[in-house]
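Heads up: the structure comes next, in structure tokens.
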Amino acid sequence: MKICIVTHKIKKGDGQGRVNYEVVKEAINRGHHLTLLASEIAPELLQTPLVNWVCIPVAGIPTELLRNFFFAQKSAAWLRQHRQEVDLVKVNGAITLTSADVNAVHFVHSSWLKSPVHISRIRRDIYGLYQWLYSALNARWEKLAFQKAQIIVAVSQKVAQELINIGVSKKRIRVIVNGVDLQEFTPGVAFRSKFNLPENVPLALFAGDIRTRRKNLDTVLQALVKVPNLHLAVVGNTEGSPFPQLAKSLGLQQRVHFLGYRRDVAEIMRTADVFVFPSRYEACTLVLLEALASGLPVITAITTGGAELVTPESGVILPNSDDTEALAQALSDLISNSTLRERMGKAARAFAEQHSWNVMAQTYIDLFEELSQNAPHCSHPHLSPSSRPFTLSISPTDTN
């Protein structure tokens, strides 16, 4: 089979790039030919004649919005000329201006735009206006892209529901959860002293972007006040973050340890007793699955994409992300009961072992092979009217 994947990056690192990296590896293992329209690709993927990289450079183009628009135009131009040379096209969201067989959705901008913690509702300045425009335009373009795809892959049940909410038929949606590196993220012991963390005290871990309120570190800090024997390690860039000052104002400076941005999160997870992440808005987050794979009980919220991965056996899902009392109680219950933590940790790891990157990639390729056997499909414009490219139009009054 000849597969075309259109995405910005195909490499280890961010979630979307890693998903495509693993899918490409599995396709190579099965002997499929690949054409990759991307700006960046892991060099090891180019060591086989099965892979053809069509590079679409975007470096130097100012703002993500303009980079995305340029990439969408260039990739669409290539696909219009070469589409009949491939059997299946897989894309992410509104990455290109032409249709695809499979559209894998990691984020639904229509839902994010309505979120009470959207940046435009917090920042009433030029940056906030830019973020509103970026989300509004992407929301419009995504709806057009979803209409043209044969199958929509949602990376979480939350994303699947958000797709249904904007009119995507449930029959066209498949849920394929992202994977986790079970060798990198694994239960074990790490020395807290390496990270200047205190020994012999209960320790919770929070990891995420702490420059805004979206990940909800403020509620975690307020809950921590009510659990006086608990320490908290925070992984995230503190530049421009309001939370170090908030921790100080709450009298928590001796119990909250800001570690900054780190690449060794897997090792840091092995220092913790509990992982806490009650995000106010998340389409899907890898960090929950990474914590589960590390054998950590997880406390999260129903608003966090991927929360369905946390079962009652492996953690706690809060019905309200801002319920400080409920969060404090969950933290207290887990910290005070080592037997419960151990039982939940084992259940967490057992669940994560069903969601390796290999399993995820195999599921994608199984889907591709299934679709390719059911021709005609929309990779062939003369066989399917839905494959015609759509025309991009921008209306300043239409924000969806």
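Looking at this structure, is LEU286 in contact with a helix residue (DSSP H, G or I) (Cβ under 8 Å, 6 or more places away or on another chain) and either surrounded by fewer than 24 Cβ atoms within 10 Å (Cβ to Cβ) or at pLDDT below 95 (or both)?
yes
Of these, THR63, THR96, which one is within 19 Å of GLN131 (Cβ to Cβ), touching a residue at least 12 places away in the same chain (Cβ under 8 Å) and β-branched (Val, Ile, Thr)? Before the answer, list the steps.
Details: THR96 fails: within 19 Å of GLN131 (Cβ to Cβ).
Only one candidate passes the filter, namely THR63.
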request  = For residues that are without any contact (Cβ under 8 Å) to a residue 24 or more places away in the chain and more than 16 Å from ARG214 (Cβ to Cβ), tally how many sit in the stretch 99-141.
outcome  = 4
inquiry  = For a quick check of your reading of the model, give me the residue pairs whose first member lies in the stretch 318-329 and is on the phi < 0 side of the Ramachandran plot, whose second is among the charged types (D, E, K, R), with beta-carbon atoms closer than 8 Å and at least 6 apart or on different chains.
reply    = SER321/ARG280; ASP322/ARG280; THR324/LYS226; GLU325/LYS226; ALA328/LYS226
key: Selection within the stretch 152-167 - crowded, with 20+ Cβ neighbours inside 10 Å and more than 16 Å from CYS284 (Cβ to Cβ)   = none
key: Identity of the residue in the stretch 1-33, buried (at least 22 other Cβ atoms within 10 Å of the Cβ), of a type in the set (A, V, I, L, M) and over 16 Å from the mean Cα position of the chain (by Cα), that ends up nearest to ILE56 (Cα to Cα)   = VAL6
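Filter the stretch 257-274 down to the residues that are surrounded by 24 or more Cβ atoms within 10 Å (Cβ to Cβ) and over 20 Å from TRP357 (Cβ atoms) and list them by number.
ALA272, VAL274 - these are the residues of the stretch 257-274 that are surrounded by 24 or more Cβ atoms within 10 Å (Cβ to Cβ) and over 20 Å from TRP357 (Cβ atoms).
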ask   = If we scan the stretch 5-25, do we find a residue that is in a loop (DSSP other than H, G, I, E, B), under 24 Å from SER356 (Cα atoms), out of contact with any Gly (no Cβ under 7 Å at 6 or more places or on another chain) and touching a residue at least 60 places away in the same chain (Cβ under 8 Å)?
value = yes
remark   = Considering the stretch 209-220, residues that are touching a Lys or Arg at 6+ places or on another chain (Cβ under 8 Å) and touching a residue at least 40 places away in the same chain (Cβ under 8 Å), and then whichever is surrounded by the fewest Cβ atoms within 10 Å (Cβ to Cβ), we arrive at ARG213
query = Taking the stretch 93-152 as the search range and keeping residues that are in a helix (DSSP H, G or I) and among the charged types (D, E, K, R), which one is farthest from GLN81 (Cα to Cα)?
reply = ARG121
message = Tell me yes or no: at least one residue of the stretch 6-16 is touching a helix residue (DSSP H, G or I) at 6+ places or on another chain (Cβ under 8 Å), under 18 Å from ILE151 (Cα atoms) and at pLDDT 95 or above.
response = yes
remark   = Residues of the stretch 270-315 being within 17 Å of ASN178 (Cβ to Cβ), under 14 Å from the mean Cα position of the chain (by Cα) and among the hydroxyl-bearing types (Ser, Thr, Tyr), in sequence order, are SER279, THR285, THR304
task = Within the stretch 260-298, work out how many residues are free of Cβ contacts under 8 Å to residues at least 40 places away in the same chain and of a type in the set (A, V, I, L, M, F, W, C).
result = 1
ask   = For the stretch 191-214, how many residues are out of contact with any strand residue (DSSP E or B) (no Cβ under 7 Å at 6 or more places or on another chain), under 13 Å from SER241 (Cβ atoms) and of a type outside the set (S, T, N, Q)?
value = 4
ask   = Only one of PHE185, PHE195, PHE191, PHE206 is farther than 28 Å from VAL153 by Cα and buried (at least 23 other Cβ atoms within 10 Å of the Cβ); which?
value = PHE206
inquiry  = With the structure loaded, tell me whether LEU334 is touching a residue at least 24 places away in the same chain (Cβ under 8 Å), of a type in the set (A, V, I, L, M) and not assigned by TED's automatic domain parsing to the domain that holds ALA272 or whether it fails that test.
reply    = no
First in the stretch 70-91 and assigned to a loop (DSSP other than H, G, I, E, B), second anywhere and of a type in the set (Asp, Glu), Cβ under 9 Å, 6 or more apart = ASP87/ASP101
remark   = LEU221 vs (1) out of contact with any Pro (no Cβ under 6 Å at 6 or more places or on another chain); (2) within 30 Å of VAL19 (Cβ to Cβ): all pass except (2)
request  = Collect the residues in the stretch 221-235 that are free of Cβ contacts under 8 Å to residues at least 60 places away in the same chain, over 19 Å from SER338 (Cβ atoms) and of a type in the set (Gly, Ala, Ser), keeping them in residue-number order.
outcome  = none
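The values are calculated or read from the model by the stated rules, or taken from the named source; none is laboratory data. Worth saying up front: this structure is predicted, and the values here are computed from it rather than measured. A quick note on method: Cβ atoms are made from the backbone with ideal geometry, for glycine too, and the neighbour counts reach across all protein chains shown.
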